[in-house]
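No value in this document is a laboratory result; all are computed from the given coordinates. What you see is a predicted model; the values in this text were computed from it and never measured. Cβ sites come from the backbone with ideal geometry, for glycine too, and all protein chains shown count toward neighbours.
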Amino acid sequence: MAIALACTSTTSGFVSSRIGLTFDSTSRFAPSSLNMVADDAKVCVVTGASRGLGRAIALDLGKHGCKVVVNYAASEGPALEVVEEIKKLGGDAIAIKANCADPDSIAEMFNEAMDKYGTVDVLVNNAGITKDTLVARMKRDQWQDVIDINLSGVFYCTQQFFKIASKKRTGRIINISSVVGQIGNPGQANYAAAKGGVLGLTMSNAKEFASRNVKVNVICPGFIASDMTAELPAEYLEKVCETIPLKRLGKPEEVAGMCSFLALDPACEYITGHAFNVDGGIAMGA
């Protein structure tokens, strides 16, 4: 679950903000001042990358010098802004419109990515929607729309990615689930079912794809700051934070950092089929 709050903090060596991390010149994550992208840079598809967590993930991968496919479903403007930010940070990017609930649209996105970059190395299944209400009041489309994007969309993207990765015998998939998929939440039965399904899909795919050296892992964010909290009462946010052991909302860049680690770090060559919580401890023991 993402709850919005514009968070900016300064600690030793870096400054964090709602759109990502800016590291100092001594950091191994600092973008190249030459703004050149290596020919062998990883090509990463990030679904739902024009805003929120997807934006933070795309920017962080860009800082690592990746070539990023910024998927979006609606307005092109925000996606193009992410593309330009990635290029300024030292990576390369293109924006591709695709509806994650439509398998044909997803196939076209991957074909366009292949035409541009020649391959795809990493898939981040981030796209998601919410249509919250109690079960007794939930309409059929409120249930189905959330399942179609948040769960079926992960399946469709994974199918397309695996066609590419299986031939190369290498690749990494990072699915974005939620603590709601682990512990549930009133008014979010559709979202919880979809995100719980993503957890099960991750484990099944990790077992299926291991013979082709494709790693599949999942991140479960907790209450993460995003642009939605600006309208929420301070009293409500205080109550939310009281339920979190670390007593604060998470930052989008904290999820993005975990995603980049799983996507790019050599240490993750022996990690597959695992769920990583970035939740301040709220789902501890679940």
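Here the label points at Asp104 and Ala286, each 7 Å from Cα along the C-beta direction, are separated by 3.8 nm in the simple model. Each of Met114, Met258, Met36 was scored by other Cβ atoms within 10 Å of its Cβ. Arranged with the fewest first, they read Met36, Met114, Met258.
Across Leu61, Leu249, Leu134, mean-square fluctuation computed from a Gaussian network of the chain (C-alpha pairs under 10 Å connected) peaks at Leu134. Other residues whose C-beta falls under 13 angstrom from the C-beta of Ile183 contribute a net charge of 0, scoring Lys and Arg +1 and Asp and Glu -1.
Between Met36 and Met138, the contour length at 0.36 nm per residue exceeds the Cα-Cα span by 31.7 nm. Neighbours of Gly118 by Cβ distance under 15 Å: Lys/Arg scored +1, Asp/Glu scored -1, total 0. For Val43, neighbours were defined as the other residues whose beta-carbon sits under 14 Å from its Cβ, and their charges (Lys and Arg +1, Asp and Glu -1) total -1.
For Lys131, the aspartates and glutamates whose Cα comes closer than 14 Å to its Cα, not counting residues fewer than 8 places off in the same chain, are Asp141, Asp145, Asp148. For Rg and Dmax of the Cα atoms in Å, the listed values are [x] 18.1, 53; [y] 19.0, 60; [z] 18.0, 57; which was obtained by calculation from the structure presented? Looking at Rg and Dmax of the Cα atoms in Å for this model, the match is [z]. Just how many pairs of Lys in the stretch 158-286 have C-alpha atoms closer than 30 Å, counting pairs that are eight or more places apart or on different chains? The result is 18. Name the residue, out of Cys259, Cys220, Cys241, whose mean-square fluctuation peaks in a Gaussian network model built on the chain with Cα pairs under 10 Å. Top of the fluctuation ranking is Cys241.
Going from the fewest other Cβ atoms within 10 Å to the most, the residues Tyr117, Tyr191 appear in the order Tyr117, Tyr191. A protection proxy built from the mean count of other Cβ atoms within 10 Å ranks the segments 46-53, 151-158, most packed first, as 46-53, 151-158.
Sparse packing (at most 14 other Cβ atoms within 10 Å of the Cβ) combined with a DSSP loop state is found for the following trypsin sites (Lys or Arg not before Pro) in the stretch 193-263: Lys247.
Cβ crowding within 10 Å ranks Asp227, Asp279 as Asp227, Asp279, fewest other Cβ atoms first. Report the antiparallel proportion of the DSSP beta bridges in the chain as a percent, rounded to a multiple of 5. Of the beta bridges lying entirely in the chain, close to 20 percent run antiparallel.
So what's the gap between the Cα centers of the stretch 128-182 and the stretch 55-99, to the nearest angstrom? Spelled out, the Cα-based centre of one part sits 20 Å from the other.
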